[in-house]
Amino acid sequence: MAQEDVFKKIVSHCKEYGFVFPSSEIYDGLGAVYDYGQNGVELKNNIKQYWWQSMVLLHENIVGIDSAIFMHPTIWKASGHVDAFNDPLIDNRDSKKRYRADVLIEDQIAKYDDKIAKEVAKAAKKYGDAFNEEEFRSTNARVLEHQRKRDALHERYSRAMNAGPDLNELRQIILDEEIVCPISGTKNWTEVRQFNLMFSTEMGSTADGAMKVYLRPETAQGIFVNYLNVQKTGRMKIPFGIAQIGKAFRNEIVARQFIFRMREFEQMEMQFFVKPGTELEWFKQWKETRLRWHKALGFGDDHYRYHDHEKLAHYANAATDIEFLMPFGFKEVEGIHSRTNFDLSQHEKFSGKNIKYFDPETNESYTPYVIETSIGVDRMFLSIMCGSYHEEKLENGETRVVLKLPAALAPVKLAVMPLVKKDGLPEKAREIIDALKFHFNCQYDEKDSIGKRYRRQDAIGTPYCVTVDHDTLTDNCVTLRNRDTMQQERVPISELDSIIADRVSITSLLKTL
Ligand code: ATP
């Protein structure tokens with residue numbers, strides 16, 4: 001199946017099974033805003049818990065905070081977001097559609113890559129086993145020509161982006177490459193303008209002179225402006241970290257790929273404050289720690305890769321992304337940045353307050369350097385959905401759709417089903433749920449055949465199903481079915497808790513780190 005089709009199936013699966021709904025759907029939706037349904041919210045909460053516990057429980061020197069979405073507007077001036085958190089935009093005069101100039105050019109680069117890939121695929125088919133891809137790429141005239149054009153474009157584009165960006169040059173590239181609007185098919189482009197991604201609103205009544213405030217575009221600044229409060233009240237010593245989970249808002253122009261790029265989303269960020277000069281060592285350590293956290297979910301190490309940044313933000317001295325293999329390619333899920341002392345120094349300058357750290361061991365004061373790990377909950381959610389979605393052919397010829405979610409993250413851990421809706425079996429099933437519901441999320445299901453009920457649970461990723469039959473009433477044993485292997489075993493009700501709890505708990509997952 002083409003990867004595009006797989007992705008479409010995942011998106012509709014998310015809706016059909018109560019994971020993600022388009023926001024305001026009965027009013028035809030609101031662009032790039034989504035709601036999480038009954039299963040989605042459980043999965044999302046479990047992801048957050050896995051992250052939070054891996055930070056705050058497993059590290060004595062990391063604590064959490066929950067700062068407000070609204071902050072003093074000068075914070076965003078100091079952080080550089082008011083002046084520099086921009087995307088370059090261009091409009092097509094005929095279709096009146098607006099695009100990100102950088103995305104149009106990146107798509108054009110991808111087109112050259114596609115052309116090359118097609119030539120390679122064609123030749124591979126033609127020559128079969130005798131095909132030497134490396135040789136073909138380095139000798140075939142058409143491939144070489146595409147590659148030359150691609151590299152020249154990439155080089156020119158990088159130069160333009162690094163120069164500010166140079167908006168005139170971005171426009172010129174679009175004209176020279178003869179990029180057309182996908183809607184109107186014309187090259188009738190406006191100038192390129194900078195567009196700030198922050199949402200703003202007014203605080204206070206207009207009569208009092210309302211203040212323009214922003215919806216935070218990242219959670220990190222709430223940590224920076226509180227770092228000294230936490231350090232002093234928590235008697236924290238450097239190195240230490242502050243973690244936070246919360247909503248962030250960006251007026252993304254090109255909102256696409258479902259919950260990959262949203263206008264309202266959630267971040268899990270941790271700022272780690274270190275002594276100047278030690279930051280690159282800590283950067284390396286956090287890079288490894290974070291990748292281990294991702295890999296522990298068991299989707300396969302080949303699903304992850306680092307993407308080290310060549311072009312660094314002006315304040316960073318090292319940056320990398322952890323990318324996950326989505327159906328639409330390797331994509332950033334998390335960023336790890338060595339942000340120097342940029343943010344704290346800026347806040348010191350703009351607030352006029354001394355926010356230096358006093359080191360009791362050396363008796364000196366300094367502005368700490370910061371390593372940041374920043375991950376989007378929603379992107380993580382999407383990567384988990386993509387990694388878990390499987391269509392399997394069964395021995396009887398049927399196909400089952402199964403979400404092989406890491407058990408610790410699954411919305412429902414155990415489904416309990418009476419074989420029939422009579423003879424006291426439903427009551428027995430309820431009894432089991434009543435005993436287990438304090439430990440994990442259980443679901444009762446008595447409708448339809450057992451086979452159909454298994455399929456329903458497979459589709460939402462429930463790792464275990466328990467069937468209560470007539471023998472249960474006398475032997476107090478049930479059939480326990482494993483989602484992934486579909487194996488069934490007979491187990492005493494009294495042992496259910498100990499068999500399952502361990503396999504589905506976040507604690508067990510954390511222990512593998
Ligand atoms: P991108 O290059 O994809 O726009 P970014 O580099 O701007 O992302 P950061 O500012 O580093 O992203 O934010 C950290 C994390 O927050 C990202 O790795 C991503 O998981 C998440 N994130 C950022 N923007 C969005 C968005 N619009 N929707 C969902 N998640 C987002």
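Coordinate-derived values only; no laboratory data. The model shown is predicted, which means the values in this text are computed figures rather than measured ones. Positions of Cβ are backbone-derived with ideal geometry, glycine not excepted, and every protein chain shown enters the neighbour counts.
Here are the numbers for this structure:
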| read-out | value |
| --- | --- |
| Gain upon complete extension [ARG430, MET211; 0.36 nm per residue less C-alpha separation] | 73.3 nm |
| Ranking of HIS72, HIS146 by count of other Cβ atoms within 10 Å, fewest first | HIS72, HIS146 |
| Enclosed volume per residue, in Å³, of the convex hull spanned by Cα atoms of region 74-232 | 205 |
| Cβ-based charge dipole, region 380-505, positive-most Cα from CYS477, THR462, MET385 | MET385 |
| Theoretical FRET efficiency, 1/(1+(r/R0)^6), r = Cβ-Cβ of LEU280 and THR485, R0 56 Å, to 0.05 | 0.80 |
| For the chain, Kirkwood radius (reciprocal of mean inverse C-alpha pair distance, Å) | 26.4 |
| Region 2-155 - convex hull of alpha carbons, volume per residue in Å³ | 301 |
| Pair THR362, ASP113: separation of 7 Å Cα→Cβ label points (nm) | 4.3 |
| Estimated dipole of the chain in Debye, rounded to 20 [Cβ of Lys and Arg +1, of Asp and Glu -1, Cα centre] | 540 |
| Calculated diffusion of region 106-183, Stokes-Einstein form, Kirkwood radius summed over Cα pairs, 20 °C and 1.002 mPa s, µm²/s | 152 |
| The chain, relative contact order [Cα under 8 Å, separation at least 6], % | 14 |
| Candidate lysines for bridging to LYS422, where Cα separation is under 28 Å - those fewer than 8 sequence places away on the same chain excluded | LYS413, LYS437, LYS447, LYS452 |
| Cβ-based charge dipole, the chain, positive-most Cα from ILE499, LEU57, ILE109 | ILE109 |
| Rg followed by Dmax, in Å, when region 309-418 is reduced to its Cα trace | 23.0, 74 |
| Dipole magnitude of region 292-400, debye to nearest 20 (Cβ charges: Lys/Arg +1, Asp/Glu -1, about Cα centre) | 320 |
| Sequence of LEU394, LEU414 once ranked by neighbouring C-beta atoms within 10 Å, starting from the fewest | LEU394, LEU414 |
| Contour excess over end-to-end distance, with Cα ends at GLN38 and ASP497 and 0.36 nm allotted per residue | 162.8 nm |
| Tensor-based shape of region 143-290 (alpha-carbon gyration tensor, a/c under 1.5 rounded, otherwise prolate or oblate) | oblate |
| Crossing angle, helix 101-127 versus the chain [Cα axis fit, 0-90 degrees, rounded to tens] | 60 |
| Size of region 217-326 as Cα extents on the principal axes (Å, biggest first) | 43, 31, 30 |
| Restraint check, LYS44/LYS511; LYS247/LYS511; LYS237/LYS284, Cα-Cα greater than 25 Å | LYS247/LYS511 |
| Length added when fully stretched, THR399-SER23, from 0.36 nm per residue minus Cα-Cα | 132.3 nm |
| Förster-model FRET efficiency, 51 Å R0, THR186 and ASN132, C-beta, rounded to 0.05 | 0.75 |
| Lys, Arg +1 and Asp, Glu -1 on Cβ, resulting dipole of region 388-464 about Cα centre, debye, nearest 20 | 120 |
